[in-house]
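Colleague: Submitted below is the structure of interest, expressed as structure tokens.
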Amino acid sequence: MIPVRGYAAQDARSPLAPFQFERRDPGPRDVQLDILYCGVCHGDLTMARDELGFSRFPLVPGHEIVGRVVRVGNEVKKFKTGDLAGVGCLVDSCRTCDSCQEGLEQYCTTGNVQTYNALEKDGKTPTLGGYSEAIVVDEDFALRIPANLDPAAVAPLLCAGITTYSPLRRQRVGPGKRVGVVGLGGLGHMGVKLARAMGAHVVVFSQSDRKRADALRLGAHELVVSSNPEALAAQAGRFDLILDTVSAVHDINAYLGLLRRDGHLSIVGVPERPLEVSVLPLLIKRLGFSGSSIGGLPETQEMLDFCGKHGIVSDIELIPIQGINDAFERLQKGDVKYRFVIDLKRLA
């Protein structure tokens, strides 16, 4: 077993604090990473505070991991010692169901294994995440990191990047398409960058005008103030796709009205209460309305390669692990542009 230091929440009320545990030794198909950086997802805060009611404690969060390969099993083909590699939201799946066979491990019908707050396939070993100095993972669930990108700023791509890339890709966003991005936070800022790189005309919808300069800097062509009914009305029927990244309760019907015939609204945020959706706009213009989670391993690698080709990374604020509780408080207030990333080289 490999002794590992990290930070964990012992229960829903306690701050994250130093925690020691063990990882398994690498098996024939495993790679061991020394973790360099780990992104901070809002889901980490949700799980650490047990807001969904199924957190497993002690809980080591983190599923946006970039590290250096330091050991490989004797059957590993994809990596060698010294390579940069990433680990996202999943570390295992059944490998045999229809979803897994199609490279859609996130929809594994028999139960995938999340990077933390889950149990390994043995049904008893808890998974512990990237707020730690090392991780061991099957090579099939590790990803190649483009050499031309800043590895710290790559880390959030493994969740925020693929969460926004997947619906854009599925809706075949490209030149001539008009894409609206609702919300300019950790997810929204990635949606803007990716849709622009795909060649779309990108419009950000934000509650106020204060993010206009940032929206344009990130690649948006326009910003529309969503709290202004006249501004929204002027956009009616103009969009092929609306990517809704907002996790607060909001009027989704206002955005359905902005779609062209056969347009699509894809929601990737997780509001705390169910949203009311009017069926009539869907019928009148044959609209599509769907949710989207992360991507499978093939699509996540495709996203990373796309980002390498176009020089896309997240806008980040790099923090030491000792500052994670302050970062959680700021994250709760939306006080970050646009993702925190932990520098695990400063764990000691």
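Colleague: Which condition from (1) more than 30 Å from Lys333 (Cα to Cα); (2) surrounded by fewer than 21 Cβ atoms within 10 Å (Cβ to Cβ); (3) assigned by TED's automatic domain parsing to the domain that holds Leu259 is the one that Val173 breaks?
Modeller: (2)
Colleague: Checking Leu265 against (1) in contact (Cβ under 8 Å) with a residue 40 or more places away in the chain; (2) assigned to a strand (DSSP E or B); (3) under 30 Å from Cys97 (Cα atoms), which single condition isn't satisfied?
Modeller: Going through (1) in contact (Cβ under 8 Å) with a residue 40 or more places away in the chain; (2) assigned to a strand (DSSP E or B); (3) under 30 Å from Cys97 (Cα atoms) one by one, Leu265 breaks only (1).
Colleague: Further question on the same structure: Of (1) part of a strand (DSSP E or B); (2) touching a helix residue (DSSP H, G or I) at 6+ places or on another chain (Cβ under 6 Å); (3) over 24 Å from Leu158 (Cα atoms); (4) not basic (Lys, Arg), Pro15 satisfies all except one. Which?
Modeller: The one condition Pro15 does not meet is (1).
Colleague: Also, quick follow-up: Just to check your reading of the model, which residue among Asp34, Asp25 is more than 18 Å from Pro320 (Cα to Cα), acidic (Asp, Glu) and in the same structural domain as Gly73 (by TED's automatic domain parsing)? Spell out the reasoning first.
Modeller: Numbers: Asp34 fails: more than 18 Å from Pro320 (Cα to Cα).
Being more than 18 Å from Pro320 (Cα to Cα), acidic (Asp, Glu) and in the same structural domain as Gly73 (by TED's automatic domain parsing) holds for just one of Asp34, Asp25, which is Asp25.
Colleague: Sticking with this one: Scan the stretch 144-184 for residues that are part of a strand (DSSP E or B) and within 18 Å of Leu36 (Cβ to Cβ) and jot them down.
Modeller: As a first pass, look at the stretch 144-184 and keep what is part of a strand (DSSP E or B): 144, 178-182.
If the condition is that a residue be part of a strand (DSSP E or B) and within 18 Å of Leu36 (Cβ to Cβ), then Arg144 is the only one that fits.
Colleague: With the requirement that a residue be more than 24 Å from the chain's Cα centre (by Cα), modelled with pLDDT of 95 or more and in a loop (DSSP other than H, G, I, E, B), what does the stretch 268-286 give you?
Modeller: Selection gives Lys285, Arg286.
Colleague: Does any residue in the stretch 161-175 that is more than 13 Å from Thr245 (Cβ to Cβ) and touching a residue at least 40 places away in the same chain (Cβ under 8 Å) come within less than 9 Å, Cβ to Cβ, of a residue that is buried (at least 24 other Cβ atoms within 10 Å of the Cβ) and hydroxyl-bearing (Ser, Thr, Tyr) six or more places away or on a different chain, and which pairs are these?
Modeller: Ile162/Thr300
Colleague: Now for a separate question. Please enumerate the residues belonging to the stretch 65-89 that are closer than 17 Å to Leu297 by Cβ and part of a loop (DSSP other than H, G, I, E, B).
Modeller: Val76, Lys77, Lys78, Phe79, Asp83, Gly88, Cys89
Colleague: Next question. Can you find, within the stretch 85-127, the residue that is farthest from the chain's Cα centre (by Cα) among those that are under 25 Å from Ala8 (Cβ atoms) and acidic (Asp, Glu)?
Modeller: Applying the filter and picking the extreme gives Asp122.
Colleague: Now a separate question. I'd like the full set of residues that are of a type in the set (A, V, I, L, M, F, W, C) and either more than 30 Å from Leu104 (Cα to Cα) or assigned to a strand (DSSP E or B) (or both), limited to the stretch 302-330.
Modeller: The initial filter retains those residues of the stretch 302-330 that are of a type in the set (A, V, I, L, M, F, W, C), namely 303-304, 306-307, 312-313, 316, 318-319, 321, 324, 327-328.
Once the filter is applied, which keeps residues that are of a type in the set (A, V, I, L, M, F, W, C) and either more than 30 Å from Leu104 (Cα to Cα) or assigned to a strand (DSSP E or B) (or both), the stretch 302-330 yields Ile316, Leu318, Ile319, Ile321, Ile324, Ala327, Phe328.
Colleague: On to the next question. If you go through the stretch 245-274 one residue at a time, how many are among the charged types (D, E, K, R) and touching a Gly at 6+ places or on another chain (Cβ under 7 Å)? Give the steps one after another, and end with the answer.
Modeller: Within the stretch 245-274, the subset among the charged types (D, E, K, R) is 251, 260-262, 272-273.
Next, from what is left, pick out any that are touching a Gly at 6+ places or on another chain (Cβ under 7 Å): 260.
So the count comes out to 1.
Colleague: Do the conditions hold for Glu299, that is, is it of a type in the set (Asp, Glu), modelled with pLDDT of 95 or more, in a helix (DSSP H, G or I) and under 22 Å from Val179 (Cα atoms)? Steps first, answer last, please.
Modeller: Working: of a type in the set (Asp, Glu): yes; modelled with pLDDT of 95 or more: yes; in a helix (DSSP H, G or I): yes; under 22 Å from Val179 (Cα atoms): yes.
Criteria met by Glu299.
Colleague: For the stretch 61-84, does any single residue satisfy the condition of being within 21 Å of the chain's Cα centre (by Cα), more than 23 Å from Asp122 (Cβ to Cβ) and surrounded by fewer than 24 Cβ atoms within 10 Å (Cβ to Cβ)? Can you show your working first?
Modeller: Residues of the stretch 61-84 within 21 Å of the chain's Cα centre (by Cα): 61-68, 84.
The next check asks that each one be more than 23 Å from Asp122 (Cβ to Cβ); those that pass are 64, 66-68, 84.
Now narrow it down to the ones that are surrounded by fewer than 24 Cβ atoms within 10 Å (Cβ to Cβ): 68, 84.
Scanning the stretch 61-84 turns up at least one residue that is within 21 Å of the chain's Cα centre (by Cα), more than 23 Å from Asp122 (Cβ to Cβ) and surrounded by fewer than 24 Cβ atoms within 10 Å (Cβ to Cβ).
Colleague: Moving to a separate point now. Restricting attention to the stretch 27-64, and to residues there that are part of a strand (DSSP E or B) and either among the β-branched types (Val, Ile, Thr) or touching a Ser or Thr at 6+ places or on another chain (Cβ under 7 Å) (or both), which single residue is nearest to Val113 (Cα to Cα)? Walk me through it before giving the result.
Modeller: Step one: of the stretch 27-64, the residues part of a strand (DSSP E or B) are 30-40, 59.
Narrowing further to those that are either among the β-branched types (Val, Ile, Thr) or touching a Ser or Thr at 6+ places or on another chain (Cβ under 7 Å) (or both): 31, 35, 40.
On the way: Val31: 17, Ile35: 20, Val40: 19 Å.
Among residues in the stretch 27-64 that are part of a strand (DSSP E or B) and either among the β-branched types (Val, Ile, Thr) or touching a Ser or Thr at 6+ places or on another chain (Cβ under 7 Å) (or both), the one nearest to Val113 (Cα to Cα) is Val31.
The values are calculated or read from the model by the stated rules, or taken from the named source; none is laboratory data. No experiment lies behind these values; they were computed from the predicted model shown. Positions of Cβ are generated from backbone atoms using ideal geometry, with glycine treated the same way; all protein chains shown enter the neighbour counts.
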